[in-house]
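The values are calculated or read from the model by the stated rules, or taken from the named source; none is laboratory data. The structure displayed is predicted, hence computed values, not measured ones. Positions of Cβ are generated from backbone atoms using ideal geometry, with glycine treated the same way; all protein chains shown enter the neighbour counts.
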Amino acid sequence: MIIVAVSYVLKKLAEKSLADFFLAGRRLPTVVLIGTLMATFTSVVTVTSIPAKAATAGIVIAIFNSIGMYMVRFWVIFYGP
């Protein structure tokens, strides 16, 4: 019963709207935002684009596209906001 009571109290203290959850309370630091965008971009390119490019244009072109993707990522790190 204690666990249920503590859970209920903590839920009421932390209760916020769904919009606040998705917008992170409008307090997301720039470094975290850039990191999440880079992780999303990298995973999308790795999972979808590179195998498709290797199947259509050849493995050499896919490797060069991968290198280009990482160059863009480092450019964002060093020259981004």
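Some values worked out for this structure:
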read-out: Every pair of residues 6+ apart whose Cβ atoms lie under 7 Å, when the first sits in the range 65-81 and is under 18 Å from Val32 (Cβ atoms) while the second is at pLDDT 70 or above; value: Arg73/Met38; Arg73/Thr42; Val76/Ile34; Val76/Met38; Gly80/Ile34; Pro81/Thr30
read-out: Scan of the range 28-63 for residues that are touching a residue at least 24 places away in the same chain (Cβ under 8 Å) and loosely packed, with under 12 Cβ neighbours inside 10 Å, ordered by number; value: Thr30
read-out: Of the criteria (1) among the hydroxyl-bearing types (Ser, Thr, Tyr); (2) surrounded by 13 or more Cβ atoms within 10 Å (Cβ to Cβ); (3) more than 24 Å from Tyr79 (Cβ to Cβ), which one Ser66 fails; value: (3)
